[in-house]
Amino acid sequence: SLKRDLQYIVPLLRQAQALSDTPLSLMLSPWSPPAFMKTNGSRRFGGRLREDCYSQWAKYLCRYIKEYQNLGFSVKLLSIQNEPKAKQPWDSCLYTAQEEKRFYRKPYILSCKRKA
């Protein structure tokens, strides 16, 4: 859900856009996959993305990009994870460099990159 984004982030982006002479280009950075996709069963306290959920998480990320585009924003960049080594008491997910590489190189995330 973009409920929180629509409440807190999108209004600030719209204000920034109103003050800019050129269109904003965004970089999106997710904080955590849903709990059911993670090894610890929680959005919080780190945990890792389960490999059997790579395809489903890629679809979530594609949707994330498309929803921002539907709001009129140009999405130019996407990180796989915000702070991938930070196990936090708030939304977080741990990735090694090898895990990020493996996730990114799967065909479904590459096709999302081309379509989004």
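The values are calculated or read from the model by the stated rules, or taken from the named source; none is laboratory data. As the structure is a computational prediction, the values presented were derived from the model and not from experiment. Quick reminder, even Gly has a Cβ in these numbers, built from the backbone with ideal geometry, and neighbours come from all protein chains shown. Side chains included, ligands, DNA and RNA excluded: accessible areas come from the protein's heavy atoms. Shrake-Rupley method; radii C 1.70, N 1.55, O 1.52, S 1.80 Å.
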Among the residues of region 28-46, is any among the aromatic types (Phe, Trp, Tyr), open to solvent by 100 Å² or more (accessible area, probe 1.4 Å) and out of contact with any Pro (no Cβ under 9 Å at 6 or more places or on another chain)?
yes
So residue 49 fits all but one of (1) within 27 Å of residue 99 (Cβ to Cβ); (2) modelled with pLDDT under 95; what number is the exception?
(2)
Restricting attention to region 91-101, does a residue exist that is assigned to a helix (DSSP H, G or I) and open to solvent by less than 60 Å² (accessible area, probe 1.4 Å)?
yes
Name the residue that is farthest from residue 102 (Cα to Cα), counting only residues in region 54-87 that are part of a loop (DSSP other than H, G, I, E, B) and among the polar types (S, T, N, Q).
82
Looking at region 29-53 only, could you name the residues that are in contact (Cβ under 8 Å) with a residue 12 or more places away in the chain, over 12 Å from the mean Cα position of the chain (by Cα), on the phi < 0 side of the Ramachandran plot and outside any helix (DSSP H, G or I)?
38, 43, 44, 48, 49, 50
The residue from 2, 77 that alone is in contact (Cβ under 8 Å) with a residue 40 or more places away in the chain and in contact with a helix residue (DSSP H, G or I) (Cβ under 6 Å, 6 or more places away or on another chain) is 2
Please determine, by comparing only the residues of region 1-27 that are surrounded by 10 or more Cβ atoms within 10 Å (Cβ to Cβ) and of a type in the set (Val, Ile, Thr), which one is nearest to residue 99 (Cα to Cα).
9
May I ask you to say which residue of 64, 60 is at pLDDT below 95, closer than 18 Å to residue 94 by Cβ, under 16 Å from the mean Cα position of the chain (by Cα) and open to solvent by 30 Å² or more (accessible area, probe 1.4 Å)?
60
Restricting the search to region 70-88, which residues are open to solvent by less than 70 Å² (accessible area, probe 1.4 Å) and closer than 21 Å to residue 9 by Cα?
71, 72, 73, 74, 75, 78, 79, 80, 81, 82
